[in-house]
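The values are calculated or read from the model by the stated rules, or taken from the named source; none is laboratory data. Every value quoted in this text rests on a predicted model; they were computed, and no experiment measured them. Cβ coordinates were reconstructed from backbone atoms using ideal geometry, including for glycine residues, and neighbour counts include every protein chain displayed. Note: accessible area is taken over every heavy atom of the protein model, side chains too, but ligands, DNA and RNA are not part of it. Shrake-Rupley method; radii C 1.70, N 1.55, O 1.52, S 1.80 Å.
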Amino acid sequence: YNGRMYVYGSNDHQQFVANDHQGENNYGEIKSIVVFSTDDMVNWTFHGTIDTKKLCAKWVSNPWYVCYGVSWAPSVTWRTNPDTGEDEFFLYFANTSHGVGVLTADSPVGPWKSPLKESLINKDTSGALQQSANFDPGVVIDDNGTGWLTFGGLDPDKGGTNFQPNNTRIIKLKPSMTATDGKAILIPAPYHFESNELNIIDGNYVFTYCSN
């Protein structure tokens with residue numbers, strides 16, 4: 001964006017501190033996202049953390065999960081709003097394995113806000129996974145200005161196997177980029193496990209992920 005590349009990451013250091021600098025990382029204390037940028041791939045600027053716990057503190061609970069939990073595996077995109085002409089940024093993150101949250105901002109370094117009072121994707125989303133994890137978002141805006149979000153992973157979903165776990169979904173986003181449009185459908189991704197990302201390269205939609 002404007003000649004700089006911005007990188008957003010799970011704040012594993014937060015877990016390290018919570019563990020008193022010892023033990024394993026179980027991801028349970030990661031409640032913020034770190035932001036870095038560079039214009040030469042050598043020298044980097046740290047822009048601080050995005051306090052997702054504070055931003056999502058007013059999320060409501062669903063019967064099967066408790067509102068906000070943590071923030072892992074962010075995926076970020078931006079666009080120039082066709083109606084206002086202003087640039088706007090959208091950050092999607094895994095709210096544990098239970099769903100996907102979204103934050104918005106007018107700058108790649110914020111300030112960020114939560115436009116919703118709950119996760120964007122959860123088990124109640126049409127077409128969402130019922131046995132697997134609705135997490136690890138990958139977002140892209142196509143050449144027509146339409147947003148698409150991929151998500152899913154871990155154990156096979158209903159009817160899945162080790163080779164074809166059926167635990168990957170893609171869903172269209174409404175023009176707001178903070179609401180889904182229609183039903184999530186299966187991406188038949190062999191040996192899919194987690195770490196979804198979606199890009200458009202030379203006119204092709206390219207889905208990448210971590211195998212099982």
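Things worth noting here:
- Shape category assigned to the range 1-111 from the gyration tensor of Cα positions, a/c cut at 1.5: oblate
- Under 16 Å from residue 123, Cα to Cα: aspartates and glutamates that are on another chain or at least 8 residues apart: 136, 155, 157, 181
- Per-residue Karplus couplings for the range 191-208, computed as 6.51 cos²θ - 1.76 cosθ + 1.60 with θ equal to phi - 60°, are listed in order as 6, 5, 10, 5, 6, 6, 8, 10, 9, 10, 10, 6, x, 10, 7, 10, 9, 10 Hz, Gly and Pro entered as x.
- Percentage, to the nearest whole number, of Cα pairs in the range 1-64 over 19 Å apart: 50
- For the cross-link pairs 53/117; 54/117; 58/174; 58/172; 31/172, the ones whose C-alpha atoms lie over 20 Å apart are 58/174; 58/172; 31/172.
- Dipole of the chain computed with +1 at Lys/Arg Cβ and -1 at Asp/Glu Cβ about the Cα centre; of 14, 59, 211, farthest Cα towards the positive end is 59.
- At an R0 of 30 angstrom, the distance between the Cβ atoms of residue 45 and residue 80 translates into a FRET efficiency of 0.80.
- Ratio Rg/Rh, restricted to the chain and using Cα atoms, in which Rh is the Kirkwood radius: 0.95
- Each residue of the range 128-143 was assigned a 3J(HN,Hα) from its phi angle through the Karplus expression (A = 6.51, B = -1.76, C = 1.60, θ = phi - 60°), giving 5, 5, 10, 10, 9, 8, 8, 9, 6, x, x, 10, 8, 10, 7, 5 Hz with x at Gly and Pro.
- Reciprocal mean inverse distance between Cα atoms of the range 81-153 - Kirkwood radius, Å: 13.3
- When shorter helices are ignored and each DSSP H run of at least 4 residues is given -39500 (n - 2.57), the per-residue value for the chain at 222 nm works out to -1000 deg cm²/dmol.
- Reachable aspartates and glutamates, given that their alpha-carbon falls under 15 Å from the alpha-carbon of residue 183 and they are not under 8 places away in the same chain: 124
- Surface accessible to a 1.4 Å probe, per residue, for the residues of the chain, Å²: 52
- To put it simply, the accessible area of the range 9-50 at a 1.4 Å probe is 49 percent carbon and sulfur.
- Computed across the range 119-212, the Kirkwood hydrodynamic radius from all distinct Cα-Cα pairs reaches 13.2 Å.
- Each Lys and Arg Cβ is given +1 and each Asp and Glu Cβ -1; about its Cα centre, the range 45-189 then shows a dipole of about 460 debye.
- Each Lys or Arg adds one and each Asp or Glu takes one away; over the other residues whose Cβ falls under 11 Å from the Cβ of residue 107, this sums to -4.
- Euclidean distance of C-alpha centroids, the range 106-136 and the range 154-169, integer Å: 21
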